[in-house]
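Novice: Pasting a structure below so you can have a look.
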Amino acid sequence: MSQTSDIETAATALPENIITGDARLEALTADTDRLFTVFQDSREDVMLAALRNPSLVPQHLLALLKRRGIEAVISAIYARKPLIEASAVKLALVAHLDTPPHIAQTLLPLLPVFDLLKLCLMPGVSADIRVAAERKIVQQIPTQPLGNKLTLARRGTAAILDALLREGVQSIIEICLDNPHLKEGSLHQFLMSSHANAENVSIIARSNRWKSRPNIRLAILKNPRTPLIWFTIFLPGLPAATLRDLLSSPRLTFAQKELVRQARAHFHA
């Protein structure tokens, strides 16, 4: 091979090596603004080098964690504990589809309650993570202040609403009733439980969204704590078979059954 050919070959190979070295050096030394551009580099070694840059702040990591195909980089972030002190970074790591399951499950319990709620509502989050976040929220509900519970009632998922209803707090129930995630089956189950006292039943009976649903009305009428006014409002027009079923219920009080008897007599009149 001629000397000219050797020089041409070296010249062809040299730029790539120099560029890689320069990119790593820039990743290590770039200032805060330039580092955002560095993290757009697709080369793993460059991204890993950038994690050691003293100018690195959580905003850089949040921008990086919008990318896919970075499992090794995510593991490197997790290994450097100072990088995951910010709650926003923990949340982004837990939500990321490339995060190894053991890392996500380790970080999830460290998230504050409203970050857990974000996980429950975030599109694209794995089902396992969503369910784990819901369970963690449900575990924390008894110790949450009222303001947090009201926010959870307004924005929570079906599983969270089930737990909130069981607390039996009127102001919370009122908000749960307007949450689009609340399921009819959950409300029916609540009405049949000991948590549904007279005041709670009346809140549901007045709800424009729920009061006209036949199954909910029947559950209201089968609750021994339901105020008599709701019997006078809901009994008219019920089928004879439903009235007969109510009369046979061992749960109703004498006064409640007396109103059912009157409605049945009127039905046959």
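The values are calculated or read from the model by the stated rules, or taken from the named source; none is laboratory data. A quick note: this is a predicted structure, and the numbers were derived from the prediction, not measured. Cβ placement follows ideal geometry from the backbone for every residue including glycine, while neighbour counts extend to all protein chains displayed.
Novice: Can you pull out the residues in region 179-220 that are among the hydrophobic types (A, V, I, L, M, F, W, C) and closer than 21 Å to Lys149 by Cα?
Specialist: Residues satisfying the conditions are Leu182, Leu187, Phe190, Leu191, Ala196, Val201, Ile203, Ile204.
Novice: Among what's in region 204-247 and is of a type in the set (Ser, Thr, Tyr) and outside any helix (DSSP H, G or I), pick the residue that is surrounded by the most Cβ atoms within 10 Å (Cβ to Cβ).
Specialist: Thr226
Novice: Here is a list of conditions, (1) out of contact with any Lys or Arg (no Cβ under 6 Å at 6 or more places or on another chain); (2) within 30 Å of Ala198 (Cβ to Cβ), and Ala158 meets all of them except one; can you say which number that is?
Specialist: (1)
Novice: Could you identify the single residue in Thr232, Thr151, Thr253 that is among the hydroxyl-bearing types (Ser, Thr, Tyr), modelled with pLDDT of 95 or more and under 33 Å from the mean Cα position of the chain (by Cα)?
Specialist: Thr151
Novice: Checking the structure you have, find out if any residue of region 200-211 is among the aromatic types (Phe, Trp, Tyr), in the same structural domain as Ser249 (by TED's automatic domain parsing) and under 26 Å from Val113 (Cα atoms).
Specialist: No, region 200-211 contains no residue that is among the aromatic types (Phe, Trp, Tyr), in the same structural domain as Ser249 (by TED's automatic domain parsing) and under 26 Å from Val113 (Cα atoms).
Novice: Looking at region 28-129, what helices (runs of 4 or more DSSP H) fall wholly within it and have at least 1 residues that are under 16 Å from the mean Cα position of the chain (by Cα)?
Specialist: In region 28-129, the matching helices (runs of 4 or more DSSP H) lie at 87-95, 101-107, 113-121.
For every residue, the table says whether it meets (1) buried (at least 18 other Cβ atoms within 10 Å of the Cβ); (2) in the same structural domain as Glu199 (by TED's automatic domain parsing); (3) touching a helix residue (DSSP H, G or I) at 6+ places or on another chain (Cβ under 7 Å); (4) touching a residue at least 24 places away in the same chain (Cβ under 8 Å).
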site	(1), (2), (3), (4)
Pro123	no, no, no, no
Ala133	yes, no, yes, yes
Gln139	no, no, no, no
Leu146	no, no, no, yes
Lys149	yes, no, yes, no
Ala153	yes, no, yes, yes
Ala163	yes, no, yes, yes
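Novice: I need every pair where a residue in region 83-95 that is without any contact (Cβ under 8 Å) to a residue 60 or more places away in the chain has its Cβ under 6 Å from the Cβ of a residue that is surrounded by 21 or more Cβ atoms within 10 Å (Cβ to Cβ) and among the acidic types (Asp, Glu), sequence separation at least 6 or different chains.
Specialist: none
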